[in-house]
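Below is one structure, written out as structure tokens; the observations come after it.
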Amino acid sequence: MAWKLIRLKPLKPFFFGKETNFKNTNYAKSEYFPQQTQITGALRLYWMEQNGLMKMHKHGRYCTSDKAEDAKKFVGDAGAKNFETDDNLGRFNFISPMFLCKIVDNCIKDALFEIPNDVIKEDCIYKTANPKKLSNTLSSKPVVILENYDVKKDFVKGLGGLDFWKQYSRFEKLTCPIEHNKIFTSYEQVGIGLKDGKQVDEGKFYTKKSYMLENGYEFGVLVDIDENDLKEEKKLQDGIITLGAETSTFSFKISDIPSSMQNHPLFESFQNQTEQKGTKLILLSDSMLDYSIDENAYFQIVPYKVPFRMMQRKDVNEQATKKSEEKLLVPKGSIYFFDEPSSLQKAKGAYVKMGFNQYLVLN
Amino acid sequence: MNYLSLTIGPIYETMSYCKKTRELWAGSYFFSYFMKSLIKSLYEYKDEENSDKKIEIIIPYSDEKVLDEYFEVGIFHDRFIAKSNIEKEELKTILEKRMDETIYYMSLFIGDDNISFDIFEKRGEIDKENELYQSLKSYLQYSYIITDEDELCSQTKKENIVFALDAVLDSMELESSFDFKNSSKIFEIKREDYSNPPEGKVNPVAKLQYQAQRLKKEIKQNELTFKSIPEIALASILKHKNDYKELNKDDDIEKYEAFYKEFEKDKDFKPHHKYFAVISADGDGMGSAIRSIYSENPDYITNFSENIYKYISENSDNSKSLVNIFEEYGGMLIYAGGDDLLGFAPIFGKNEKNIFALLEELSNKFQEYLGKKVSLSYGVSLNYYKSPMIEAIKHAHSLLYDAKNNNTKDKSGSLALSLSKHSGQTYEGVFFLSDDRYELYKQLFIDELSEVIKLPHNLQHSLKKYETLFIDIFSNYTLERSKQKLDAIFDNLIKDESHSQEAKTALDRVKEYISIVQPEDETTFDLLLTQLAIIKFLRGDR
């Protein structure tokens, strides 16, 4: 097993989709980051293609039966239909949520993650809003006020690097987060819809908002992969990968984690998959919870829910057209506060290896 | 004396499912009616053993007439504040019981089309195992607090109970709860019930959103019309109901293209008829107003609430309700709760009015009822008719935030205006409504789109070409000298080839506008060009 860092540089505007599709609206906006299932699928496909295990078909690429055993050894055979019960992702032991790498002279200088949902700006200082329990009040749950939180100003949104996360972990004053629009440049296109995917549908215009990254930034993913017994040519190599919708392509580079990033609090958190407990849990990825964690938490900042579904196919020769049952996920950036050190429920099956239910623990 | 405050949602999530104006109306009406029913049940609370025990609603204004009346739009805000001489634990029991009852009867109403709002008059044991009840309870997010005034103000360090309760509820609203055991999505919308229904199942509130006509009958507002986006955008030239009869039958977005193809043949059709405005407004100075009421006499807060209610709903010879103001203009009010409102409007409306006149009418009414020390600020997004509604609303709310940020301690009442092109590109401008700059811009906007004046096609290129000159003038010269230099630029460099009077007048106005904006850096100059771009784009330039 070895931890590696994968750099993904967009070669053209990229589009990371979500629940909304063009059938229901004539406007679609990319997300900043892909879902964990998209990253996982893209990496599995990429490794299989590198090893000549995929064949082209009118509905996409698939693995033939004579190569199935080899493919299973590389990437496992857990699929969208049984991710909850089957954790077999082959040589992939863990795939982290995606983040941004700041690149200087082709070296990674920083790793940026979206900041949690409790950062406020007060008198030009960035800090966290802290919950204060109120006494002699009644409600259906503990009554808490978030000190210094002003609903009209809302929380600060953006991305934080190594310094930010170290300060955050120590409850210190925070470095100014980087706004999304300083890194992600939007790129609007007007397209025309197609009837049955072939003929132009007159009047069926749509607007699509993709993104590009500013110079000096790339995407990053941490992976824990088992390549010990593999020949060099079989291991994950640099190349070109497709991730997301509309053939979003990226250059793919894999390397060891640079020493400068070894003590990044979030890298440490991903690499420590044992159960961690703390009085403040910050979600680093979207999380699947079977129970309402707020039964134990005295306060939580969960501003919305994320609907989640995957495309499924009956067999490899069919186009994926069926959607799985919708789940509601607790979004990354959400925060739970406890009186006693607590942990978060682990994701089930393959979802845990895909990087769901990742959290930072503070005390 | 104990205080009780409750907030309900999820408002934004509910709106995000909407693709039609009537769905938006129905979604916000649900929350307003729910809140009204709950408030009414608390207002009418009677202790059989002790008639002195009371629950008094402070905000919003509530009396028998208000609680019995049916309104055309949702006017009950997503939170209320009440006070009571009932002990805290008992008050909690009463609230939770009344909340469960309201959820239960609302779920029955939603689940069975034959049940009317009369069901809310019922009291008694409810069936907590009922699937509809569990589904609605699973969807709704609500938080409440019961407290003593001195305790809460002391712990929150807020100067009065209203501010303290608001601050606590703002925090509690962050706690989205998940009911993983009970799914809220149990209703399937069939094609016979609704054209172009969504795939899969929906939650109870979404089901009601597809039943706007049913809700309309229930609240005895049979004259109420739900205007589609093209109907709103074309208000100034839509003369007869037959003009949009086909659209009313089936107002899916796919039909809009064909509808517009026909209307483009009308001699009065202009490019701006393809755009509609979303208006999000919020009161300024309300905190100060509440502060001064509390320092004078806390009991006066009820009068203040009553004035807000009258501002929204009073309809007389001298004063139109907000619904009628929008209706007569050719727009549609979606909700008006407290000092917030959300509405859709054309850029030019009926009776030769324009969007700025609409905003002024709203502001004047607001101050008429609540005093000159408060004002309204606006986020107004101008959108192409095919724009997704939720994106347009989100943008208007974001612009309202910009408008509020423009306000200072001494000056308020701002407008943040933005145009979103079909491609998604946006142009924005922020103004104080009391400023000469706004007046000049407004007149330029109206006169250009009414074709009284005609801005040269190459205006932006010309201005951009001499950007450094403009910046130099306003950063290095006195006001008087800069005006002379500005005259010289326009006389010698910024020209229009048509030599028409409309073009000459237009250039004079632009010059006057520039002299007030005084762009002394690149950012201000770019903002100036953006503001002019809004006007030129709406007149048809590409």
request  = For the range A:124-141, enumerate the residues that are within 10 Å of another protein chain (Cβ to nearest Cβ) and out of contact with any Lys or Arg (no Cβ under 6 Å at 6 or more places or on another chain).
outcome  = A:Ala129, A:Pro131, A:Lys132, A:Lys133, A:Leu134, A:Ser135, A:Asn136, A:Thr137, A:Ser139, A:Ser140, A:Lys141
task = Name the residue, out of B:Glu131, B:Glu173, B:Glu192, that is out of contact with any helix residue (DSSP H, G or I) (no Cβ under 7 Å at 6 or more places or on another chain) and within 10 Å of chain A (Cβ to nearest Cβ).
result = B:Glu173
task = Give B:Ile115, B:Ile103, B:Ile126, B:Ile110 a once-over and let me know the one that is more than 14 Å from chain A (Cβ to nearest Cβ) and in a helix (DSSP H, G or I).
result = B:Ile110
task = Scan the range B:195-209 for residues that are out of contact with any helix residue (DSSP H, G or I) (no Cβ under 7 Å at 6 or more places or on another chain) and within 25 Å of B:Tyr70 (Cβ to Cβ) and jot them down.
result = B:Ala206
message = Restricting to the range B:161-184, give me the number of residues that are outside any helix (DSSP H, G or I) and either crowded, with 17+ Cβ neighbours inside 10 Å or among the acidic types (Asp, Glu) (or both).
response = 9
ask   = Can you spot a residue in the range B:42-63 that is hydrophobic (A, V, I, L, M, F, W, C), more than 27 Å from A:Val302 (Cα to Cα) and in a loop (DSSP other than H, G, I, E, B)?
value = no
request  = Return only the number of the condition from (1) hydrophobic (A, V, I, L, M, F, W, C); (2) farther than 16 Å from B:Ser5 by Cα; (3) in contact with a Phe, Trp or Tyr (Cβ under 7 Å, 6 or more places away or on another chain) that B:Ile161 does not satisfy.
outcome  = (2)
Selection within the range B:56-100 - under 31 Å from the mean Cα position of the chain (by Cα), under 20 Å from B:Ile126 (Cβ atoms) and buried (at least 18 other Cβ atoms within 10 Å of the Cβ) = B:Leu95, B:Arg98, B:Met99
ask   = Is it the case that B:Ala206 is of a type in the set (A, V, I, L, M, F, W, C) and within 14 Å of chain A (Cβ to nearest Cβ)?
value = yes
ask   = Quick check, is A:Asn272 open to solvent by 30 Å² or more (accessible area, probe 1.4 Å) and at pLDDT 70 or above?
value = yes
inquiry  = So in the range B:185-211, with the set limited to residues that are among the polar types (S, T, N, Q) and surrounded by 13 or more Cβ atoms within 10 Å (Cβ to Cβ), which one is nearest to the chain's Cα centre (by Cα)?
reply    = B:Gln209
task = Among the residues of the range A:224-239, count how many are open to solvent by 30 Å² or more (accessible area, probe 1.4 Å) and either within 24 Å of A:Tyr359 (Cα to Cα) or touching a strand residue (DSSP E or B) at 6+ places or on another chain (Cβ under 6 Å) (or both).
result = 2
inquiry  = List pairs: first residue in the range B:276-302 and charged (D, E, K, R), second residue in a strand (DSSP E or B) and open to solvent by 20 Å² or more (accessible area, probe 1.4 Å) anywhere in the structure, Cβ distance under 8 angstrom, at least six positions apart or on different chains.
reply    = B:Asp282/B:Asp340
message = If I go through the range A:328-346 residue by residue, how many of them are open to solvent by less than 30 Å² (accessible area, probe 1.4 Å), within 12 Å of another protein chain (Cβ to nearest Cβ) and of a type in the set (A, V, I, L, M)?
response = 3
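Looking for whichever is in contact (Cβ under 8 Å) with a residue 24 or more places away in the chain and under 27 Å from B:Tyr369 (Cβ atoms) here; the options are B:Ile11, B:Ile94, B:Ile86. Which one fits? Walk me through it before giving the result.
Working: B:Ile94 fails: under 27 Å from B:Tyr369 (Cβ atoms); B:Ile86 fails: under 27 Å from B:Tyr369 (Cβ atoms).
The unique qualifying residue is B:Ile11.
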query = Counting only residues that are among the acidic types (Asp, Glu) and more than 30 Å from B:Pro230 (Cα to Cα), which one in the range B:20-55 is nearest to the chain's Cα centre (by Cα)?
reply = B:Glu44
request  = Say whether the condition of being surrounded by 18 or more Cβ atoms within 10 Å (Cβ to Cβ) and among the β-branched types (Val, Ile, Thr) is met by at least one residue in the range A:77-94.
outcome  = no
key: Enumeration of residues in the range B:136-152 that are more than 10 Å from chain A (Cβ to nearest Cβ) and hydrophobic (A, V, I, L, M, F, W, C)   = B:Leu136, B:Leu140
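The values are calculated or read from the model by the stated rules, or taken from the named source; none is laboratory data. Since this is a predicted model, take the numbers as computed values, not measurements. Neighbour counts are summed over all protein chains in view; Cβ atoms, including those assigned to glycine, are modelled from backbone coordinates with ideal geometry. The accessibility values were calculated without ligands, DNA or RNA, using every heavy atom of the protein model including side chains. Shrake-Rupley method; radii C 1.70, N 1.55, O 1.52, S 1.80 Å.
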